[in-house]
1. From Cα pairs below 8 angstrom and at least 6 apart in sequence, can you work out the relative contact order of the range 209-280, rounded to a whole percent?
2. Using the Cα centre of the chain as the reference point, and only Cβ charges (+1 on K/R, -1 on D/E), how large is the resulting charge dipole? Debye, rounded to the nearest 20.
3. Students sometimes get this wrong: rank 5, 123 by accessible area, probe 1.4 Å, all chains present, largest first.
4. Please report the antiparallel percentage of DSSP beta bridges with both residues in the chain, rounded to the nearest 5.
5. What is the spin-label model distance, in nm, from residue 184 to residue 305 if the labels are put 7 Å beyond Cα along the C-beta direction?
6. Probe of 1.4 angstrom, ligands and nucleic acids ignored: what's the accessible area per residue over the range 113-170, in square angstrom?
7. Straight-line reach from residue 334: which lysines have a Cα under 20 Å away, not including same-chain ones fewer than 8 places off?
8. What's the ranking of 304-310, 403-409 by average number of surrounding C-beta atoms within 10 Å, highest first?
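The values are calculated or read from the model by the stated rules, or taken from the named source; none is laboratory data. Computed from a predicted structure; not experimentally measured. Don't worry about glycine lacking a Cβ; one is built from the backbone with ideal geometry, like all the others, and counts go over all protein chains shown. Each accessible area value is taken on the protein alone, full model and side chains, heavy atoms only, with ligands, DNA and RNA left out. Shrake-Rupley method; radii C 1.70, N 1.55, O 1.52, S 1.80 Å.
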Amino acid sequence: MALVIKNNTSATNTLNQLNKNTKAKSKKLAELSSGMRINSAADDASGLSISEKMRVQIRSLDQDNMNTENGNSMLKVAEGAVNNTIELLRTMKEKLINAANDTNTEQDRETIQREFDQMCDQIDYNAQQTYNGKMLLDGSHNNTVLDPGTYTTLVNTSFNSETTTKTTLLDLKDHNGTSLGILSSDRVTVSYVKQGITYVKDFPVVDEKGKKLKLEDLLVNGDKGDVEVSKGKVTYGKWGKIQSQDFSYLGKDQYGNEVYTPDHANAIAYKATRPGIEGQISGLTISVTDRYGEFRRSANTVLDNFQEVIRAQNPSPDNAIVLQTGTRANRSVKIGLTDMRSYALGLKDNLGGYLNVGGQKKSATGEYSLLDPKTVATSQQAANAAINVVETALQKALDQATEIGSVESRLGYTSANIMTARDNTQASESVIRDADMAASMTEYTKMNVLEQASQSMLAQANQNSSSVLSLLQ
């Protein structure tokens, strides 16, 4: 190798190596001080991109879990209000059973009426329960109800499957095909409640002209009244004649879907003639008495078994509460909170008057308007009919409590799933971005030693040029 003084190649190469070692040492020092393998895009561009996406996912999952917990808290408030309403309805039913007992005087029933009125007001207070200023149970957060609203539909599935609306009471059979034992000398009493007023009418099973009473004849106010017997789903043939009738068809729900009996067997359904809460009917009661005025218990067990299948609701847009529980759009849990006011439960009229439970209350205005006084119930009849009204209201409240509880349970599972996903995403992000401290420390020590060695060799290389001076002496 030639001896030169202008260019010290050995020193230059050693300096380059020293710079590389210093940079490598600085990188490892940054890893050790930050705890991360990737501190800039230059360290690992693709890894940084994946890691940042995962960090966004982690923060989104944290917010999802917070949304879930807040939603659960809100539903706990609603659940408490509904549970209190259920307890009030239990007490109401107890009071009404007492009011229906003729050991009570009219003054006693007036006292029960006042108690009932106070409990109705408390139910309205429960419906006004709020969370973060948001009313929960006043009907403002209902699911979609298509125009013109739904019709109250009360269904009895206890009859024989061959029963239709044209079946006479003499021919009625129970689900097992056993005759109800109704005789031609018996009488039938039908009552229902609308807008807080109880209507009642008495029918002979066979009238003076020998006409046999049919199920479709059991209408208090005739064909233009508040209730009609459902004809099921009718198929018409030529010239408008009825070709077939499907009595398993009950009507349409709030979404416009057709509703049938669970087993598609025939059922007898009584339906309100007007949609919405204003046309709501409840407390449908049918009872048979013999010629001596004694109740026919076996027949009444079957006849007085009408359950509300379609609840009366006013038309409404989709105002259900949406709880965002996913990291992408449209990943949410939705719940509609129905109207739990006493008016919507059939316990008040549209003017704020209370249901007559035997206290001779007429209406909010104190008048029956143009009603036929023969169809207005007596105190005992009103109290008896009110039992079924409260029973129906109780079922509505229980349905709402069940829906709230099921969503609360779902949110619990959702929260657990979110936290699992968050932990797994965090672990994956750690693998990509976090530094292996033991390996980094080992590498740093190596770079530190190499740096010191490079410095020593640079000093040696610089001495090579000075040795040429001995040749110039």
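1. On the way: 90 pairs, mean separation 19.3, N = 72.
Dividing the mean separation by the residue count of the range 209-280 yields 27 percent.
2. Numbers: 51 positive and 56 negative charges, 347 e Å.
In total the dipole reaches around 1660 debye.
3. Details: 5 120, 123 0 Å².
Most to least solvent-accessible, the answer reads 5, 123.
4. Numbers: 47 of 47 bridges.
Antiparallel bridges make up about 100 percent of those DSSP assigns within the chain.
5. In this crude spin-label approximation the distance works out to 2.8 nm.
6. Computed with neighbouring chains in place, this is 44 Å² per residue.
7. 76, 134, 396
8. Result, highest mean Cβ count within 10 Å first: 304-310, 403-409.
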